[in-house]
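Beneath this line is the structure, given in structure tokens, with notes to follow.
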Amino acid sequence: MYVPALTAIYSMHTARQDNPDRLNHYYALFALLVAGLMGMTATGDVFNLYVLLEISALSSYGLLARGKGKAYYATFRYLMMGTIGASFIFWGGISLHHIGTLNMADLAEILKQLNLENQWEM
């Protein structure tokens, strides 16, 4: 929790320079980003992992779009690549749902029983 707090303090000057009239938007998006990333580390479910990934991705798109110059084009490219990556993660979660559970601890036990973790070793 120290790193996000230090990052928020460090970025105050830059956030004020970029858009001083929308400083509250910056900190709201920053808080959503931190909440999504911290939730991703704490969850034990694949569905929650996907939802928290989308929350952090959407807030990072908003943070990038606040910039000036080529930030809009970079945000659009990041949005397209993020959408493609998120769709692959979504379909991976659906294929894991066919196993019978989305709990990560249960999935680890099922994959051990199926011996799929050693399938790719040579």
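No value in this document is a laboratory result; all are computed from the given coordinates. These figures come from a predicted structure and were not determined experimentally. Methodologically, a virtual Cβ is constructed for each residue, glycine included, from the backbone with ideal geometry; neighbour enumeration extends over all protein chains shown.
The stretch between Phe90 and Tyr78, if pulled fully straight at 0.36 nm per residue, gains 2.5 nm over its current Cα-Cα span.
Computed from backbone phi with θ = phi - 60° and the Karplus coefficients 6.51, -1.76 and 1.60, the 3J(HN,Hα) list for region 82-91 is x, 5, 5, x, 5, 5, 5, 5, 4, 5 Hz; x is used for glycine and proline.
Classify region 1-85 as rounded, prolate or oblate from the Cα gyration tensor: take a ≥ b ≥ c as the square roots of its eigenvalues, call it rounded if a/c is under 1.5, otherwise prolate when a/b beats b/c and oblate if not.
Numbers: a/c = 2.78, a/b = 1.28, b/c = 2.17.
Note, shape of region 1-85 comes out oblate.
Couplings 3J(HN,Hα) of region 32-47, computed from phi: 5, 4, 5, 5, x, 5, 5, x, 4, 6, 9, 6, x, 10, 5, 5 Hz, in residue order, whole Hz [Karplus 6.51 cos²θ - 1.76 cosθ + 1.60, θ = phi - 60°; x for Gly and Pro]. Summarising the amide proton neighbourhood of Asp45: residues at separation of 5 or more, or on other chains, whose placed amide H is nearer than 5 Å comprise Met104. Applying the Karplus relation 6.51 cos²θ - 1.76 cosθ + 1.60 with θ = phi - 60° to region 6-11 yields 3J(HN,Hα) values of 5, 5, 4, 5, 5, 8 Hz, where x marks Gly and Pro. As a rough footprinting exposure proxy, the listed residues Tyr27, Tyr2, Tyr73 were ranked by other beta carbons within 10 Å of their own, and the order from fewest upward is Tyr2, Tyr73, Tyr27.
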